[in-house]
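Okay, structure first, notes after.
The values are calculated or read from the model by the stated rules, or taken from the named source; none is laboratory data. Computed from a prediction, not measured in an experiment: that's the story for all the values here. Here the Cβ positions follow ideal geometry from the backbone for every residue, glycine too, while neighbour counts run over all protein chains shown. Note: accessible area is taken over every heavy atom of the protein model, side chains too, but ligands, DNA and RNA are not part of it. Shrake-Rupley method; radii C 1.70, N 1.55, O 1.52, S 1.80 Å.
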Amino acid sequence: MADPTAGTVLERGAIRLDERATGRDDAIARCGAVLVETGAVDPAYVDAMLEREQSISTYVGEGVAIPHSTLAGKEAVRRDALAVLRFPDGVDWGGEQVVVCVAIAARGDGPVAMPSELAQILPVP
């Protein structure tokens, strides 16, 4: 049966509730892999996500990180999309513990708009 959420920003297949990662970069790579698997981005987007994290942390507080790419990564985005990954064991994120990652792939001004919208609904101080 086809996924009724296919073609939406957050497809059912982009929600993973029992992920494991050896560290921050591994967690970001897992997030990027989900975006690739759902057809939202080309594999080059994952490198741009890792590059973003090297310049500024995407940790937003309360166990949540919102990994996304640098501006250069927009070229690898096929469509706007989110991926939500939960890491029950937690992931060390530069000294902070992350249990939920909301990965963003967006064209246009999406990377600016999506995090501000997410900040309104996530339990972040």
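When you check Val36 against the structure, is it assigned to a helix (DSSP H, G or I), within 15 Å of Glu11 (Cβ to Cβ) and either modelled with pLDDT of 95 or more or not aromatic (Phe, Trp, Tyr) (or both), yes or no?
The answer is yes for Val36.
Mind checking which residues of the stretch 29-66 are open to solvent by 60 Å² or more (accessible area, probe 1.4 Å), under 21 Å from Gly90 (Cα atoms) and either free of Cβ contacts under 8 Å to residues at least 12 places away in the same chain or more than 13 Å from the chain's Cα centre (by Cα) (or both)? Across the stretch 29-66, the qualifying residues are Gln54, Ile56, Glu62. If you check Glu53, Glu11 for being touching a strand residue (DSSP E or B) at 6+ places or on another chain (Cβ under 8 Å) and of a type in the set (Asp, Glu), only one passes: Glu11.
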